[in-house]
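*Asks:* Shown below is the structure under consideration.
The values are calculated or read from the model by the stated rules, or taken from the named source; none is laboratory data. Computed from a prediction, not measured in an experiment: that's the story for all the values here. In this analysis, Cβ positions are derived from the backbone assuming ideal geometry, glycine residues included, and neighbour counts consider all displayed protein chains. Quick note on the areas: whole protein, heavy atoms, side chains included, nothing else; ligands and nucleic acids left out. Shrake-Rupley method; radii C 1.70, N 1.55, O 1.52, S 1.80 Å.
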Amino acid sequence: MIRILLVDDQTIIRQGLRSLLESKPDLQVVGDAENGHRAIQQVEALQPDVVLMDIRMPGMDGVAATQFISQHYATTKVLVLTTFDDDEYVSQAMRVGANGYLLKDTPSDELALAIRLVHRGYTQLGPGLLEKAFTPLPTAPPVTPVTLPPELAELTPREREVLCLIAAGASNREIATTLHIAESTVKNYVTNILSQLHLRDRTQAALFATAFLPLLEAQG
């Protein structure tokens, strides 16, 4: 059984893909996400085999999310599924670690086959996308602006400091020493952070925060 995570900012698209894919006996949709931020959380929590990733989404887009997932979750494959076939999008996605790039008008049986092949380690590109995927860009690709997801933005400055130290691998005692506060206070901060971010433990918090450390530190 191939475990799939659906990432798309449109609910109707996610629902349609779920119905389509779950009609295949060897495919299982284990979760979905509406943007790149949430996709990273879901990959950590669910450990899917394949992520079907849209490109244009609010907050963190599909290119940035693909790069993070490919760097931190080696066993999870990313297959881009989008309406955009721009040279820049295709090239960027493949360069940051996508295992394939298809358009949303791909027939259902071909999409299912592409998922199976990506899961087995093959690269899948839709018709006419091969040259776009490996065409050198005339200039450096623009950096996609990344904003803090709402749940991170709502943390207090002190909670952001604690989260940054968690991401750096500090223990509660080390955090208490660094911030000159009681260890019991640190425990309270950690509990609040995990609750607000809907995370299971500090390992998930550290992985999630890694993608946003520059912004967290700048706004801390």
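*Asks:* Across the range 50-65, what is the number of residues that are buried (at least 21 other Cβ atoms within 10 Å of the Cβ) and either free of Cβ contacts under 8 Å to residues at least 60 places away in the same chain or within 13 Å of Ala112 (Cβ to Cβ) (or both)?
*Replies:* Residues flagged as buried (at least 21 other Cβ atoms within 10 Å of the Cβ) and either free of Cβ contacts under 8 Å to residues at least 60 places away in the same chain or within 13 Å of Ala112 (Cβ to Cβ) (or both) within the range 50-65 amount to 9.
*Asks:* To continue, here is another question. Only one of (1) out of contact with any strand residue (DSSP E or B) (no Cβ under 8 Å at 6 or more places or on another chain); (2) open to solvent by 70 Å² or more (accessible area, probe 1.4 Å) is not met by Gln47, so which one is it?
*Replies:* Here Gln47 meets the rest and fails (1).
*Asks:* When the range 66-80 is examined, which residues are found to be closer than 19 Å to Thr203 by Cβ and not hydroxyl-bearing (Ser, Thr, Tyr)?
*Replies:* Phe68, Ile69, Gln71, His72, Ala74
*Asks:* When you check Ser70 against the structure, is it over 16 Å from Leu5 (Cα atoms) and of a type in the set (Ser, Thr, Tyr), yes or no?
*Replies:* no
*Asks:* A further question on this structure: Tally up the residues in the range 163-203 that are modelled with pLDDT of 90 or more, open to solvent by less than 60 Å² (accessible area, probe 1.4 Å) and either assigned to a helix (DSSP H, G or I) or closer than 28 Å to Ala39 by Cα (or both), please.
*Replies:* 9
*Asks:* Output the residues belonging to the range 45-89 that are of a type in the set (S, T, N, Q) and closer than 22 Å to Ser108 by Cβ.
*Replies:* Thr82, Thr83
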